[in-house]
Structure formats: C-alpha cells, structure tokens
Amino acid sequence: MAKNPERRVMLTDAAVDVLAHEGARGLTFRAVDARAGVPVGTTSNYFSSRDDLLMQTGARISSRMTPDPAQVEQTMLAAPSRELVAELMHWLIRRMTDDRTGYLAMLELRLEATRRPDLRTQLTRTVRAGFEESLSFHRDRGLPGDPDAVLVLYLAMTGVLLEHFTLPDMLGDDGLDHLGFAGVKQLIPPGDGPPGKQQPGG
C-alpha cells in the first residue's frame, strides 16, 4: 500500500464527497479517483479493499468533526451554567451543519454499517468513544446536568440533525437554534450546578 499521508487524506476526503452525493453504493475506487482528480488505480494503491476504504473514510469524518482545542478553551472561559451548556449545544450543531457533506456521508456509513458487521463494530467504537469523551468533558469542567441528561441531549442533537439534513422543511429555518436551547432548558433546571453539588436552599 502507498504511504503518502497527504494523498491518503485527499482520497478519504474525496470518498466523503462520493458518499454524500452518490450514497454508499456509489463508493468505488474509480469514483474516488474521479472525484479526487487522480489517475485510475490511485485509490486501490492506498486501500486494500472497499471495506478498508469505508472504515478509513469513517475515521476521516470523525477527524473532520473534532473541534479545534483552542476554540474549546475559549468557549470554556465562561463560568459553568445552563446557559453555557446551551451555547455548547448551539456550537456543536453549527459545527456539524458547517460540514454538511461530512455529516451526510456519516449517515450513509451508518446505513451501510447495518449490512456490514465489521464496519458497524468500528463505527460503534468510534461513536461511543466520542460520547464518552463528551461525558468526561462535561463532568470534568463542572457543567450542570447528570450523565442521563448528557445522553438525552446527545440523542436530541442527533435527532435534530437527522431531520435538518434529510427533511429540512420539517423544522424550518429556526429549528436548530430553538430546539438546541429547548432541549437544555427541559433537561437542566435553572440554577442547576455541577453533578453531586448541593444547591443553595436545596
């Protein structure tokens, strides 16, 4: 297999575009070659099989969706509060919508994973690790809301994004912002502090 890491990233980005625009059935070595504008046979030199291409494309999507640590630290300068959780939800949703192609490609991968056990195992591991990291971040930064609230917020966010990307008229133009804050408001009471800390008058 070829070793040029920059070329491999370029090819996986091209695979993301193919998945988003043509679906999983359209993801072939030749389709990726064409999308990347490289000679026929290039993709097959970098990936041992179509399954390998699918899995590495999934890893690339996760990398693209990982937030910039500097932006995270800037956002977290504010004191932990329900409002900060709402701001983080808004930020996460906007980050996903900014990479619409990547999110659509991930939806295609999820569907393909229902038919490919190895891909399902890898995607499950990746998504679970991402959620566990978010849960640890929430706890370590002293944000209000217990693990159940964080899980339901995650599920609400993924549901809102699914509607937005597949049936955008269902929620309308204000659906993302409104529902992101509404979820936090319903799950985290006003004045709720970090888990495990007694509130004044409680």
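The values are calculated or read from the model by the stated rules, or taken from the named source; none is laboratory data. Everything quoted here is computed from the prediction, not taken from an experiment. For neighbour counting, all protein chains shown are included, and Cβ atoms are generated from backbone atoms with ideal geometry for every residue, glycine included. These accessible areas exclude ligands, DNA and RNA; they are computed on the full protein's heavy atoms, side chains included. Shrake-Rupley method; radii C 1.70, N 1.55, O 1.52, S 1.80 Å.
Could you list, in sequence order, the residues of the stretch 1-22 that are surrounded by fewer than 15 Cβ atoms within 10 Å (Cβ to Cβ) and either in contact with a Gly (Cβ under 9 Å, 6 or more places away or on another chain) or within 20 Å of Arg110 (Cβ to Cβ) (or both)? Reasoning before the result, please.
From the stretch 1-22, those surrounded by fewer than 15 Cβ atoms within 10 Å (Cβ to Cβ) are 1-6, 9, 21-22; that's our starting set.
Residues satisfying the conditions are His21, Glu22.
Out of Ala113, Ala129, Ala156, I need the residue that is at pLDDT below 90, of a type in the set (Gly, Ala, Ser) and over 11 Å from the mean Cα position of the chain (by Cα). Which one?
Going through Ala113, Ala129, Ala156 in turn, the sole match is Ala156.
Just to be sure, is Arg115 in a helix (DSSP H, G or I) and of a type in the set (Lys, Arg)?
no
Residue under question is Glu112, and the condition is that it be among the acidic types (Asp, Glu) and open to solvent by less than 30 Å² (accessible area, probe 1.4 Å); does it hold?
Here the answer is yes, as Glu112 does meet what is asked.
Whether any residue in the stretch 59-66 is surrounded by 18 or more Cβ atoms within 10 Å (Cβ to Cβ), small (Gly, Ala, Ser) and in contact (Cβ under 8 Å) with a residue 40 or more places away in the chain is what I want to check.
The answer is no, given that none of the residues of the stretch 59-66 is surrounded by 18 or more Cβ atoms within 10 Å (Cβ to Cβ), small (Gly, Ala, Ser) and in contact (Cβ under 8 Å) with a residue 40 or more places away in the chain.
Kindly indicate the residue of the stretch 159-170 that is surrounded by 15 or more Cβ atoms within 10 Å (Cβ to Cβ) and not aromatic (Phe, Trp, Tyr) and also nearest to Ile188 (Cα to Cα) among those meeting that condition.
Val160
Here are some residues: Thr42, Thr101. Which one is farther than 24 Å from Ser134 by Cα, of a type outside the set (Lys, Arg), touching a helix residue (DSSP H, G or I) at 6+ places or on another chain (Cβ under 7 Å) and in contact (Cβ under 8 Å) with a residue 24 or more places away in the chain?
Of the residues listed, the single one that is farther than 24 Å from Ser134 by Cα, of a type outside the set (Lys, Arg), touching a helix residue (DSSP H, G or I) at 6+ places or on another chain (Cβ under 7 Å) and in contact (Cβ under 8 Å) with a residue 24 or more places away in the chain is Thr42.
Go over the candidates Arg100, Arg115, Arg95 one by one and state the one that is among the basic types (Lys, Arg) and under 20 Å from Val184 (Cβ atoms).
Result: Arg95 is the single residue among Arg100, Arg115, Arg95 that is among the basic types (Lys, Arg) and under 20 Å from Val184 (Cβ atoms).
What residue, among those in the stretch 159-202 that are small (Gly, Ala, Ser) and part of a helix (DSSP H, G or I), is modelled with the lowest pLDDT?
Ranking the candidates gives Gly175 first.
Only one residue in Arg30, Arg25, Arg60 is within 17 Å of Leu119 (Cα to Cα), over 17 Å from the mean Cα position of the chain (by Cα) and charged (D, E, K, R), so which one is that?
Exactly one residue qualifies, and that residue is Arg25.
Can you name every residue in the stretch 95-110 that is among the basic types (Lys, Arg) and under 11 Å from the mean Cα position of the chain (by Cα)?
Correct list: Arg95, Arg100.
With respect to Thr75, is the statement that it is closer than 30 Å to Gln186 by Cα, open to solvent by 70 Å² or more (accessible area, probe 1.4 Å) and either hydroxyl-bearing (Ser, Thr, Tyr) or touching a residue at least 12 places away in the same chain (Cβ under 8 Å) (or both) true?
no
Just to be sure I understand, how many residues within the stretch 129-155 are part of a helix (DSSP H, G or I) and under 15 Å from Leu187 (Cβ atoms)?
At the first step, the residues of the stretch 129-155 found to be part of a helix (DSSP H, G or I) are 129-140, 147-155.
Then keep just the ones that are under 15 Å from Leu187 (Cβ atoms); that gives 134-135, 138, 147-155.
Counting residues in the stretch 129-155 that are part of a helix (DSSP H, G or I) and under 15 Å from Leu187 (Cβ atoms) gives 12.
Have a look at Leu54, Leu84 and point out the one that is in contact (Cβ under 8 Å) with a residue 24 or more places away in the chain and farther than 24 Å from Leu155 by Cβ. Step through it out loud before you land on a result.
Working: Leu84 fails: farther than 24 Å from Leu155 by Cβ.
After applying the criteria, what remains is Leu54.
Could you check Val40 against (1) β-branched (Val, Ile, Thr); (2) surrounded by fewer than 16 Cβ atoms within 10 Å (Cβ to Cβ); (3) under 30 Å from Leu88 (Cβ atoms) and say which number it fails?
Evaluating Val40 over (1) β-branched (Val, Ile, Thr); (2) surrounded by fewer than 16 Cβ atoms within 10 Å (Cβ to Cβ); (3) under 30 Å from Leu88 (Cβ atoms) leaves (3) as the failure.
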